[in-house]
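Have a look at the structure below, then the notes.
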Amino acid sequence: MFIKGNKITIRAIEPADVHLLYGWENDLEIWKISYTQVPFSKFVLEEFVNSLQDIYTIKQLRLMINSTENGETVGCIDLFEFEPQHNRCGIGVFINKNYRNNGFAEEAISLIKEYCFKILYLHQTYVHVDVSNTASLSLFEKAGFEKSGIKKQWHKTGKSTFEDVYFLQCIFTE
């Protein structure tokens with residue numbers, strides 16, 4: 001266990017998680033929001049899971065989310081584009097579709113923000129949310145993120161179509 005909340009725990013990634021990651025990373029429905037265009041092999045995922053997961057070295061960190069009720073792994077949360085010089089990083093959260101709408105993502109964001117601000121001593125975290133993704137927009141606004149900009153035609157959604165993306169920030173104040 002790494003961080004314990006009421007509904008979830010957030011923990012380090014383990015070799016046993018490869019089978020879950022293989023399914024999630026190769027789910028075409030998720031590729032749109034994960035910027036994925038090619039499938040991941042089990043070998044590549046095993047190498048990733050077994051690699052050094054030091055945020056200061058690789059500038060990212062993937063953590064797994066487990067339900068405290070039954071111990072099931074329900075999703076993952078990522079810190080990415082970690083910039084220790086500027087005290088910031090991006091956050092991405094994924095909850096398996098079978099476990100959505102249970103408050104897991106909201107609690108995971110709250111716990112990871114606490115980790116970012118009180119352990120990593122970051123000044124801010126940020127997210128990118130497609131303007132059409134109203135559920136994620138609501139989730140992050142509820143978690144204290146504020147819209148600070150819009151990236152015009154940022155995500156390619158088809159051969160010649162693009163979608164705007166909101167840029168939201170959560171700045172730490174004591």
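Odds and ends about this structure:
- Restricting the stretch 116-174 to trypsin sites (Lys or Arg not before Pro) in coil, as DSSP defines it, with at most 10 other Cβ within 10 Å: Lys159
- Gap separating the Cα centres of the stretch 120-174 and the stretch 71-90, nearest whole Å: 15
- Largest to smallest principal axis extent of the C-alpha atoms in the chain, angstrom: 44, 40, 34
- Amide H to amide H, with H built 1.01 Å from N, Phe172 comes under 5 Å of Gln124, Thr125, counting only residues 5 or more places away or on other chains.
- Rounded to the nearest 20 debye, the dipole size of the stretch 3-171 about its Cα centre is 360 debye, using +1 on the Cβ of Lys and Arg and -1 on the Cβ of Asp and Glu.
- Result for the chain in a Gaussian network model with C-alpha springs under 10 Å: among Leu139, Leu52, Leu21, the largest mean-square fluctuation is at Leu52.
- Exposure proxy for Trp154, Trp24: other Cβ atoms within 10 Å of each Cβ, ordered fewest to most, give Trp154, Trp24.
- Choice from Arg11, Arg62, Arg100 with maximal GNM fluctuation in the chain (Cα, 10 Å cutoff): Arg100
Read-outs: derived from the displayed coordinates by stated rules, not from any lab. Since we're looking at a predicted model, the values are computed, not measured. Positions of Cβ are generated from backbone atoms using ideal geometry, with glycine treated the same way; all protein chains shown enter the neighbour counts.
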